[in-house]
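Q: Just dropping this structure here.
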Amino acid sequence: MTLATLAAPYAAMVVDARTGEVLHSRNADTRLHPASLTKMMTLYIAFEAVKNGEISLDTNVRISRNAASEPPSKLGLRAGQRIKLRYLIRAAAVKSANDAATAIGEAIEGSEAKFARRMNRTARALGMTNTTFKNAHGLTETGHMSTARDMTTLGRHLLYDYPQYYNLFSRRSTHAGIKTVSNTNRRLLAAYRGADGIKTGYTRAAGFNLVASAERGRERVIATVFGGRSSASRNAKVAELLDLGFRRAPSRVALRKPSPPQYGTSGPAPAGKTIRVATAVKKSLRPVLRPASIEQQAAPALVAEAAPAKDDTTVVASARAIEYDIQSALIEARGAAPLPETPVEEALDTPQVVTRLSTSGGRHWGINVGRYPSRYAAEKVLLKTALTEMTTLDGTLRKVVRGNRGFEANFVGMTQETADLACRRLQARQIACFTIGPS
């Protein structure tokens with residue numbers, strides 16, 4: 001099997017997955033039709049949304065007429081049917097089902113058009129500079145293009161950013177809620193030693209595409225092919241590239257995982273107020289508390305619970321912790337390395353859950369910006385979020401609630417309208433958010 005036997009347009013790349021080093025490439029930056037390799041991004045965003053708390057694997061997704069009408073390959077979903085997100089993910093990853101991919105996008109963003117915009121924001125954040133998505137499934141559409149380099153990058157992020165889901169791509173078959181489906185990549189998985197994923201793609205315009213990863217001993221390589229003439233010739237070429245990768249990759253090398261997506265650092269900035277710090281923060285000014293309202297004076301129990309009496313040592317520690325967090329958040333907003341966390345961890349382990357007095361005037365709505373493993377992490381996210389979105393969060397109360405599964409980071413003391421607006425603005429900045437109604 002040689003390069004000349006593949007149909008044009010053709011592109012290929014193979015990298016050392018452990019370091020991202022390119023071991024071979026040809027036409028790697030040529031924009032071509034990705035076909036169902038697109039679903040790699042759909043799945044990446046689905047995993048991200050689950051991680052952020054936007055949706056859960058057990059969410060029952062209602063299938064729209066648009067999703068149900070997608071052409072094959074498909075799971076066979078019906079309009080109005082409800083099915084858990086986990087089964088849609090399985091169908092998209094294993095069977096490459098177009099109806100499932102569309103349903104995933106609509107469940108997360110409300111419409112496929114909005115989901116496509118999120119796909120493009122995520123692509124830019126991952127460094128996929130030559131990719132434009134128009135849909136969630138990869139069927140041919142004008143302007144829906146990618147490159148071998150970008151899809152290799154995406155494959156590497158799937159492997160290292162969400163390893164807990166990566167086994168999906170190696171399943172020869174899986175139950176997808178309404179039936180068992182077979183893997184479109186099962187022939188390569190069976191024929192190539194060490195192959196364990198990840199995604200095939202085919203349309204008439206694209207030819208036969210594949211991003212594949214294999215591991216042998218301590219070595220792992222990822223190979224991508226665009227434009228194969230048939231699934232057999234594509235698989236043979238991918239096997240050739242994987243062999244080349246294993247020959248060229250060093251046996252021992254330090255693992256360098258890809259950096260997490262850097263939202264907001266490339267492309268047009270989302271609408272909203274942006275804070276830029278031109279110089280280093282030399283002094284953290286503490287705001288003067290607003291005069292207490294009648295309602296605040298009438299609710300001493302809330303204040304007492306939120307800020308119990310402390311001795312002088314605890315007060316100093318909390319003050320230093322707040323000043324540290326403000327400086328850390330501002331420094332991180334400029335892109336500098338964050339301050340070390342150890343100086344204030346003990347101070348933030350105190351049972352203080354409110355860091356700002358509320359001026360809500362009896363408002364009972366709020367928003368949640370995630371669940372975190374420690375109180376410190378939740379407090380830090382609340383502070384950074386408040387600095388990012390000062391317009392709609394001004395006057396709110398930052399509150400950390402400890403639950404069975406971690407520490408919930410909430411802003412409370414909002415009207416329903418303000419909470420909805422705040423969430424929309426935060427989501428536009430790729431910050432997970434959902435509203436909390438009166439309890």
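Q: Considering (1) in contact with a Leu (Cβ under 9 Å, 6 or more places away or on another chain); (2) over 24 Å from Glu48 (Cα atoms); (3) touching a residue at least 40 places away in the same chain (Cβ under 8 Å), say which one Asn183 fails and leave the rest.
A: (2)
Q: Here are some residues: Leu88, Leu77, Leu37. Which one is of a type in the set (A, V, I, L, M), more than 25 Å from Gln164 (Cα to Cα) and touching a residue at least 12 places away in the same chain (Cβ under 8 Å)?
A: Step by step, each of Leu88, Leu77, Leu37 is checked, and only Leu77 is of a type in the set (A, V, I, L, M), more than 25 Å from Gln164 (Cα to Cα) and touching a residue at least 12 places away in the same chain (Cβ under 8 Å).
Q: If you don't mind, another one. Specify which of the listed residues (Ala8, Ala91, Ala17) is among the small types (Gly, Ala, Ser), at pLDDT below 95 and over 18 Å from Met119 (Cα atoms).
A: The unique qualifying residue is Ala8.
Q: Can you name the residue in segment 211-235 that is farther than 16 Å from Gly155 by Cα and basic (Lys, Arg) and is also surrounded by the most Cβ atoms within 10 Å (Cβ to Cβ) among such residues?
A: So, considering only residues that are farther than 16 Å from Gly155 by Cα and basic (Lys, Arg), the one surrounded by the most Cβ atoms within 10 Å (Cβ to Cβ) is Arg234.
Here's the yes/no breakdown for (1) out of contact with any helix residue (DSSP H, G or I) (no Cβ under 8 Å at 6 or more places or on another chain); (2) within 11 Å of Trp365 (Cα to Cα):
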{"position": "Ala386", "(1), (2)": "no, no"}
{"position": "Thr392", "(1), (2)": "no, no"}
{"position": "Gly395", "(1), (2)": "yes, no"}
{"position": "Arg405", "(1), (2)": "yes, no"}
{"position": "Gln416", "(1), (2)": "yes, yes"}
{"position": "Arg424", "(1), (2)": "yes, no"}
{"position": "Thr435", "(1), (2)": "no, yes"}
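Q: Is it the case that segment 152-161 has a residue that's closer than 22 Å to Leu255 by Cβ, assigned to a loop (DSSP other than H, G, I, E, B) and either modelled with pLDDT under 95 or in the same structural domain as Lys95 (by TED's automatic domain parsing) (or both)?
A: no
Q: So which residues in segment 207-254 are in contact with a Ser or Thr (Cβ under 7 Å, 6 or more places away or on another chain) and small (Gly, Ala, Ser)?
A: Result: Ser233, single match.
Q: Can I ask one more? Within segment 178-202, take every residue that is under 27 Å from the mean Cα position of the chain (by Cα) and hydroxyl-bearing (Ser, Thr, Tyr) and give me the one that is surrounded by the most Cβ atoms within 10 Å (Cβ to Cβ).
A: Restricting to residues being under 27 Å from the mean Cα position of the chain (by Cα) and hydroxyl-bearing (Ser, Thr, Tyr), the top hit is Thr200.
Q: Then there is this: Which condition breaks for Val401 when tested against (1) of a type in the set (A, V, I, L, M, F, W, C); (2) part of a loop (DSSP other than H, G, I, E, B); (3) farther than 23 Å from Glu48 by Cβ?
A: Only one criterion is unmet by Val401, namely (2).
The values are calculated or read from the model by the stated rules, or taken from the named source; none is laboratory data. The model shown is predicted, which means the values in this text are computed figures rather than measured ones. Every residue, glycine as well, gets a Cβ built from its backbone with ideal geometry; the counts of neighbours run over all protein chains shown.
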